[in-house]
Amino acid sequence: MPVSKEYVDYVLDQLSCLGEIAHKRMFGGVGLYFDGLFFALIDDDIVYFKVDDNSRRRYEAARAKPFQPGGESSSTSGYYSLPVNVLEDSDQLKTWADEAIEVARRKASSKKPRTKQRK
């Protein structure tokens, strides 16, 4: 099932508590960006937030599912579904979204090439 415009609009409205969220269609889904950081995606009208080893525990405790673009037999990505009750609660949503943005920020900074220092 493709991502519906109505669902994207709903998610963007819910995330307006963060400020401006950019979105871009990609591979049949939609990527969500805050301050240039790719922190979430929508696929089949499900929101997935970026996770790391620390934040993943929260999602697993909430019985969230990992994003597996190749189906259940494929490996998991660094994204987990956002529980519906979190999406519908602006205070919780801001907390979870801020955490996903911070995960994206740390990952982006770890990918920056290091410059050689002169001796």
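Throughout, read-outs are computed from the coordinates displayed, never taken from laboratory work. Because the structure is a prediction, the values reported are computed rather than measured. Neighbour counts are summed over all protein chains in view; Cβ atoms, including those assigned to glycine, are modelled from backbone coordinates with ideal geometry.
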> So for the pair Glu60, Lys5, with labels modelled 7 Å out along Cα→Cβ, what separation do we get in nm?
Replying inline: 4.1
> Top mean-square fluctuation among Val51, Val86, Val30, Gaussian network model of the chain, C-alpha springs under 10 Å?
Replying inline: Val86
> Mind checking the angle between helix 90-111 and the chain's longest principal axis? C-alpha axes, 0 to 90 degrees, to the nearest 10.
Replying inline: 30
>> For a quick check of your reading of the filter: which trypsin sites (Lys or Arg not before Pro) in segment 22-68 sit in a DSSP loop and have no more than 11 other Cβ atoms within 10 Å?
In response: Arg63
>> Just want to confirm a number: the relative contact order over the chain, from Cα pairs under 8 angstrom separated by 6+ residues, in percent.
In response: 23
> How big is the Kirkwood radius of the chain, worked out from every pair of different alpha carbons and given in Å to one decimal?
Replying inline: 15.0
>> Suppose only helical runs count, i.e. DSSP H with n ≥ 4. What mean residue ellipticity at 222 nm does that imply for the chain under -39500 (n - 2.57) per run, divided by all residues and rounded to the nearest 500 deg cm²/dmol?
In response: -10500 deg cm²/dmol
